[in-house]
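Here's the structure, in structure tokens; my notes come after.
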Amino acid sequence: DAMVIQNPRYQVTQFGKPVTLSCSQTLNHNVMYWYQQKSSQAPKLLFHYYDKDFNNEADTPDNFQSRRPNTSFCFLDIRSPGLGDAAMYLCATSRYGTATGELFFGEGSRLTVL
Amino acid sequence: AQSVTQPDIHITVSEGASLELRCNYSYGATPYLFWYVQSPGQGLQLLLKYFSGDTLVQGIKGFEAEFKRSQSSFNLRKPSVHWSDAAEYFCAVGEGDTDKLIFGTGTRLQVFP
């Protein structure tokens, strides 16, 4: 059974039209991550939550926001998508972070910007 | 700054041949090292991890990796590759003090019958 579920798997939006991607987990993990992966590139960390503590990467554009209303859910909001934001967005969870365990990844949400 | 280097962008092997994927890291403290595999259009799956102890670690699907501190390497190996192993392989280092996972650029493995 899937433990990290991302919706939608495929999202098509228009240039500048806001989009929200969701991630839910059944693992009760403390840490949730959002990665952006462009074609043939490594996943790039956008931000992560340790419980309710939000940690933003310094180079994450302001256009990207995140919400974690409870332990199970985390959302990625892209306020005004540009063509350069087309990518696979990966959600991952970890019980206590990388120091003590692995990350569990969802299958990703592929975003297309027209 | 910590980083991960995977020198081989693309590797092609014949089914049944042995495989070694290279990974070098740069990290000041004792690294937490991981290998993940990603099939096309899918998320990442953990193959194996090294935290401490025995420097040769066994993973799923018949993979193993060896941590060599003197060479700052964590190479992934498999004695006999199967066609289903064709995928993208990512080496990663975990930052224990920040809970972050830093990925290498990946190695795409192609397997010929």
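The values are calculated or read from the model by the stated rules, or taken from the named source; none is laboratory data. Keep in mind the model is a prediction, meaning the values are calculated, not measured. With ideal geometry, Cβ positions are generated from the backbone for all residues, glycine too; neighbour counts draw on all protein chains shown. Heads up: the accessible areas ignore ligands, DNA and RNA and are worked out on the full protein's heavy atoms, side chains in. Shrake-Rupley method; radii C 1.70, N 1.55, O 1.52, S 1.80 Å.
Tell me, which strands (runs of 3 or more DSSP E) lie completely within the range A:36-114 with 1 or more residues that are without any contact (Cβ under 8 Å) to a residue 40 or more places away in the chain and surrounded by fewer than 15 Cβ atoms within 10 Å (Cβ to Cβ)?
A:53-56, A:64-67
For B:Ser73, only one of the following conditions fails: (1) open to solvent by less than 60 Å² (accessible area, probe 1.4 Å); (2) within 12 Å of another protein chain (Cβ to nearest Cβ). What is its number?
(2)
Give, as residue ranges, the strands (runs of 3 or more DSSP E) completely inside the range B:1-66 that count at least 3 residues that are open to solvent by less than 70 Å² (accessible area, probe 1.4 Å).
So the answer is B:10-14, B:24-26, B:32-38, B:44-50.
For the range B:55-91, give me each residue that is among the hydroxyl-bearing types (Ser, Thr, Tyr) and under 20 Å from A:Glu102 (Cα atoms).
Answer for the range B:55-91, where residues must be among the hydroxyl-bearing types (Ser, Thr, Tyr) and under 20 Å from A:Glu102 (Cα atoms): B:Thr55, B:Ser73, B:Tyr89.
With aliphatic (A, V, I, L, M), away from chain A (no Cβ under 14 Å), open to solvent by less than 30 Å² (accessible area, probe 1.4 Å) and not in a loop (DSSP other than H, G, I, E, B) as the only criterion, which of B:Val111, B:Val93, B:Val81 stands out?
On inspection, the qualifying residue turns out to be B:Val111.
This table checks each residue for (1) out of contact with any His (no Cβ under 6 Å at 6 or more places or on another chain); (2) closer than 21 Å to A:Tyr33 by Cβ; (3) not hydroxyl-bearing (Ser, Thr, Tyr).
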position: B:Ser3; (1), (2), (3): yes, yes, no
position: B:Gln6; (1), (2), (3): yes, yes, yes
position: B:Ser14; (1), (2), (3): yes, no, no
position: B:Ser18; (1), (2), (3): yes, no, no
position: B:Gly28; (1), (2), (3): yes, no, yes
position: B:Gln42; (1), (2), (3): yes, yes, yes
position: B:Leu56; (1), (2), (3): yes, no, yes
position: B:Ser70; (1), (2), (3): yes, no, no
position: B:Arg77; (1), (2), (3): yes, no, yes
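How about the range A:2-35: which of its residues are within 14 Å of chain B (Cβ to nearest Cβ), in a strand (DSSP E or B) and open to solvent by 70 Å² or more (accessible area, probe 1.4 Å)?
Those that are within 14 Å of chain B (Cβ to nearest Cβ), in a strand (DSSP E or B) and open to solvent by 70 Å² or more (accessible area, probe 1.4 Å): A:Asn7, A:Tyr10.
Might you check whether a residue that is within 19 Å of B:Tyr36 (Cβ to Cβ) and either of a type outside the set (A, V, I, L, M) or in contact with a Gly (Cβ under 8 Å, 6 or more places away or on another chain) (or both) occurs anywhere in the range A:63-76?
no
Which residue pairs have Cβ atoms under 9 Å apart, sit 6 or more places apart or on different chains, and have a first residue in the range B:96-108 that is more than 7 Å from chain A (Cβ to nearest Cβ) and a second that is open to solvent by 40 Å² or more (accessible area, probe 1.4 Å) and assigned to a strand (DSSP E or B)?
Short answer, once both residue conditions are applied: B:Thr98/A:Asn55; B:Ile102/B:Ser3; B:Thr107/B:His10; B:Arg108/B:His10.
Regarding the range B:55-73, can at least one residue be identified that is of a type outside the set (Gly, Ala, Ser), touching a residue at least 60 places away in the same chain (Cβ under 8 Å) and in contact with a Lys or Arg (Cβ under 9 Å, 6 or more places away or on another chain)?
The answer is no, given that none of the residues of the range B:55-73 is of a type outside the set (Gly, Ala, Ser), touching a residue at least 60 places away in the same chain (Cβ under 8 Å) and in contact with a Lys or Arg (Cβ under 9 Å, 6 or more places away or on another chain).
Yes or no: A:Ser94 small (Gly, Ala, Ser) and at pLDDT below 95?
The answer is yes for A:Ser94.
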